[in-house]
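> A single structure is presented below for examination.
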Amino acid sequence: MKWYSITHLNHSSSNEILADVEVMPDSPWFSGHFPGDPILPGIAQLAMVFDVIDQLSDQNLKISGIRKVKFKQIIKPNDNLRIIATPRKENATSFSFRVIVKGEVACSGILIMKRVD
């Protein structure tokens, strides 16, 4: 079962990756995190960011590092998210990212990947 749905995915004119994502309310992430007041765990947010980048990449990538991650807003079932990932100039497999919920940054950081041969 896919626990989220990408409703829109593309590159902007400035080479940013833009994705609109909906978190499904029956996601298994919510079952134990937390009963009665479900929120999306940080690891799930990072997985969505990687998936979005990976879908538009023509390379076989895996996560090799995560830096400067900040979680600022709670993501609830049925929330609509915007993911923005920007390639960093010094490394084509490194991206600064933001996960936006209700117009606010929910999560931000740097995702570092490496090519898998």
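> Where does the chain land at 222 nm, in deg cm²/dmol rounded to the nearest 500, when only DSSP H runs of n ≥ 4 count, each adding -39500 (n - 2.57), divided by all residues?
Computed ellipticity for the chain at 222 nm equals -4000 deg cm²/dmol.
> Right, something else. Which order do the peptides 105-111, 57-63 take when ranked by the mean count of other beta-carbon atoms within 10 Å per residue, highest first?
Descending mean neighbour count gives 105-111, 57-63.
> Let me check I've understood the local charge: for Asn80, count other residues with C-beta under 14 angstrom from its C-beta, Lys and Arg +1, Asp and Glu -1. What total comes out?
Local charge sum for Asn80: -1.
> To the nearest 10 degrees, how steeply does helix 42-56 sit against the main Cα axis of the chain, on a 0 to 90 scale?
For 42-56 against the chain, the angle is about 40 degrees.
> Another one. Check Asp79: other-chain or 5+ apart residues with amide H under 5 Å from its amide H, H built from backbone geometry?
Hits under the 5 Å cutoff: Val23.
> Under a Cβ-Cβ cut-off of 15 Å, what is the net charge of the residues other than Met48 that fall near it, where Lys and Arg count +1 and Asp and Glu count -1?
-1
> Something else about it: Across 10 Å bins from the origin, how do the percents of Cα pairs in the stretch 7-59 run, short distances first?
21, 44, 25, 10, 1
> Still on this structure: So which of Lys68/Lys102; Lys72/Lys102; Lys70/Lys102; Lys2/Lys72 end up more than 19 Å apart by C-alpha?
From the list (Lys68/Lys102; Lys72/Lys102; Lys70/Lys102; Lys2/Lys72), the Cα-Cα distance tops 19 Å for Lys68/Lys102; Lys2/Lys72.
> More than 25 angstrom separation, counting every C-alpha pair in the chain; what % is that?
Of the Cα pairs, 19 percent sit more than 25 Å apart.
> Among Pro77, Ala19, Ala106, which residue has its Cα positioned farthest towards the positive end of the charge dipole of the stretch 17-117, with +1 placed on the Cβ of Lys and Arg, -1 on the Cβ of Asp and Glu, and the dipole taken about the Cα centre?
The residue sitting farthest along the positive end of the dipole is Ala106.
No lab work stands behind these numbers, since they all come straight from the coordinates. If you're wondering where the values come from, they're calculated on a predicted model, not measured in any experiment. Please note: Cβ atoms are built from the backbone with ideal geometry, for glycine as well, and neighbour counts cover all protein chains shown.
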